[in-house]
Amino acid sequence: MKHWIKVFIASIFEILWVIGLKHANTFLSWSGTVVAIIFSFYYLVMAGRYLPASTVYAVFVGLGTAGVVLSEIVFFHEDVSIMKLLLIALLLVGIIGLKVITDEEKDGVEDKWNGDY
């Protein structure tokens, strides 16, 4: 479960840096965007060491996409439609499904990064 929390944290930072790319206009806001990028990819890589990379990336991108769309609606008054909300819900159902069918740990696979063979 702790590795999935890393994916969730990475997704939160992804939402922050994507919003930062669109709205940053000062040195401080650009610095925050860069920091969010660094944290986002750090947590993504750390989770990918223990979980299947394809599932981790799909969950990361899906949560990030849903989060950015919802953030734009809530904080920046982007247009909202029933279809947009239904598609976000469908995306989240797919993400949850991927998480449910993916094993928590890679059974029988050693940690090649730490030399645990």
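What follows is calculated from the coordinates using simple rules that are stated; it is not laboratory data. What you see is a predicted model; the values in this text were computed from it and never measured. Cβ coordinates were reconstructed from backbone atoms using ideal geometry, including for glycine residues, and neighbour counts include every protein chain displayed.
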Inset, instruction - Could you list 14, 72, 78 in order of exposure, starting from the residue whose Cβ has the fewest other Cβ atoms within 10 Å? - result: 78, 72, 14
Inset, instruction - With runs of 4+ DSSP H residues as the only contributors, calculate the mean residue ellipticity of the chain at 222 nm using -39,500 (n - 2.57) per run, divided by the residue total and rounded to the nearest 500. - result: -26000 deg cm²/dmol
Legend entry - Dimensionless Rg over Rh [the chain; C-alpha; Kirkwood]: 1.05
Legend entry - Options 30, 4, 59, ranked by Cα towards positive dipole end of the range 2-101, top entry (Cβ charges): 4
Inset, instruction - Would you mind computing, in nm to one decimal, how far apart the modelled labels at residue 23 and residue 83 are, each placed 7 Å from Cα along Cα→Cβ? - result: 2.6 nm
Legend entry - Cα-projected label distance for residue 42 with residue 5, points at 7 Å along beta-carbon direction, nm: 1.7 nm
Inset, instruction - Tabulate in residue order the Karplus-calculated ³J(HN,Hα) for the range 51-63, using 6.51 cos²θ - 1.76 cosθ + 1.60 with θ = phi - 60°, rounded to whole Hz; enter x for Gly and Pro. - result: 10, x, 4, 5, 5, 4, 5, 4, 5, 4, 5, x, 5
Legend entry - Potential lengthening between residue 71 and residue 93 on full extension [0.36 nm per residue; Cα-Cα distance subtracted]: 6.0 nm
Inset, instruction - Enumerate lysine pairs in the chain that are 8 or more residues apart or on different chains, then count those whose Cα atoms are under 21 Å apart. - result: 7
Legend entry - Residue exposure sequence - 77, 3 - by fewest surrounding Cβ within 10 Å: 77, 3
Legend entry - Using alpha-carbon coordinates, inclination of helix 2-23 to the longest axis of the chain, degrees: 30 degrees
